[in-house]
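Novice: Sharing a structure with you now.
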Amino acid sequence: MSKKIIVADDEPALRELVADYFEAEGYEVLQADDGDVAISLLEKNSDTDALIMDVMMPELDGWTATKKIREFSSVPILMLTARSQEFDQLMGFESGADDYVTKPFSLAVLEKRIDALIKRSKGNVQIDMGLIINAESYTATIDSKPLDLTVKEFELLKILKENAGRVFTRDQLLDTIWGYDYDGDIRTVDSHIARLRVKLGEYGNKHLKTIYGVGYKLDK
């Protein structure tokens, strides 16, 4: 599956150069000439893997656009700046950017930095429709609101999210989460799923599905 990125820069020549390079590397590239356009594209493409954001754009600058994006998304953002002053770098990080590159830059280096951000994001955090799961800290949030999950509830949510669309039987979930030597009642899976669905609220009602006679799945 190709990785999807958004390139936001008001310089058409530079934007096209970056887009051509990344497309040759197998990426799907969406282009924006302003911060507002980048936000709109991201809202319509929630499967975007990363965003390259220029700082200086005429209508909505990169710093402001990044702040607005952070209100609804944790997509990795790399900022482009024409200056190397510490102020620009600090502003980028305070806005919510994950990394920055100073112009002029190497396209190969830019691609490596983006690839690293995507791998870091995919490795420990899964994002889907407002749901963020952090495997390192055993935490989960929906729309930036933390979920109060037990360890077993988190592990259930994690395995269902990592295998979105796949139906797990109760026995499979029991063996995976509780272990093969667990001798308790299989209905413990049902009770944990029921509590998890309640804690997930509207997201749970919409995405956490019971496949009657089989088991459970989390919709993609």
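Novice: What percent does the relative contact order of the chain come to when contacts are Cα pairs within less than 8 Å and at least six residues apart?
Specialist: Rounded, it is 12 percent for the chain.
Novice: Taking the structure as given and computing Cα extents along the principal axes in Å, which label from [x] 111, 32, 27; [y] 63, 32, 27; [z] 58, 45, 29 fits?
Specialist: [y]
Novice: Given all pairs of different Cα atoms, what value in angstroms does the Kirkwood hydrodynamic radius of region 1-76 take?
Specialist: 12.2
Novice: Let me ask something additional. Mind pulling the angle between the C-alpha long axis of helix 151-162 and the longest principal axis of the chain? Nearest 10 degrees, somewhere in 0 to 90.
Specialist: That works out to roughly 60 degrees.
Novice: Considering only protein heavy atoms and a probe of 1.4 Å, how much of the accessible area of the chain is carbon and sulfur, as a whole percent?
Specialist: Within the chain, the accessible surface is 51 percent carbon and sulfur.
Novice: Mind checking the per residue accessible area of the chain for me, 1.4 Å probe, whole number of Å²?
Specialist: Per residue, the chain has an accessible area of 53 Å².
Novice: What does the highest-first list of 27-40, 147-160, 49-62 look like by mean Cβ count within 10 Å?
Specialist: 49-62, 27-40, 147-160
Novice: For the chain, give the magnitude of the charge dipole about the Cα centre (Cβ charges: +1 Lys/Arg, -1 Asp/Glu; no others), in debye to the nearest 20.
Specialist: 940
Novice: Indicate the gyration tensor shape class of region 133-200 (rounded, prolate or oblate), computed on the Cα atoms with a ≥ b ≥ c the square roots of the eigenvalues: a/c under 1.5 is rounded; otherwise a/b larger than b/c is prolate and the rest oblate.
Specialist: Prolate, because a/c is 1.5 or more and a/b exceeds b/c.
Novice: Related question: Between the helical axis of 35-44 and the dominant principal axis of the chain, each derived from Cα atoms, what acute angle in degrees is found, rounded to the nearest 10?
Specialist: Relative to the chain, helix 35-44 is tipped by roughly 30 degrees.
Novice: Let me ask something else. To test your reading of the geometry: what angle, between 0 and 90 degrees and rounded to tens, separates the Cα axis of helix 187-200 from the longest principal axis of the chain?
Specialist: Orientation of helix 187-200: about 40 degrees from the principal axis.
Novice: When all protein chains stay in place, what accessible area (Å², nearest 10, 1.4 Å probe) is found for K67?
Specialist: The accessible area comes out at roughly 110 Å².
The values are calculated or read from the model by the stated rules, or taken from the named source; none is laboratory data. Keep in mind the model is a prediction, meaning the values are calculated, not measured. Reconstructed Cβ throughout: ideal geometry from the backbone, glycine too, with neighbour counts over all protein chains shown. The accessibility values were calculated without ligands, DNA or RNA, using every heavy atom of the protein model including side chains. Shrake-Rupley method; radii C 1.70, N 1.55, O 1.52, S 1.80 Å.
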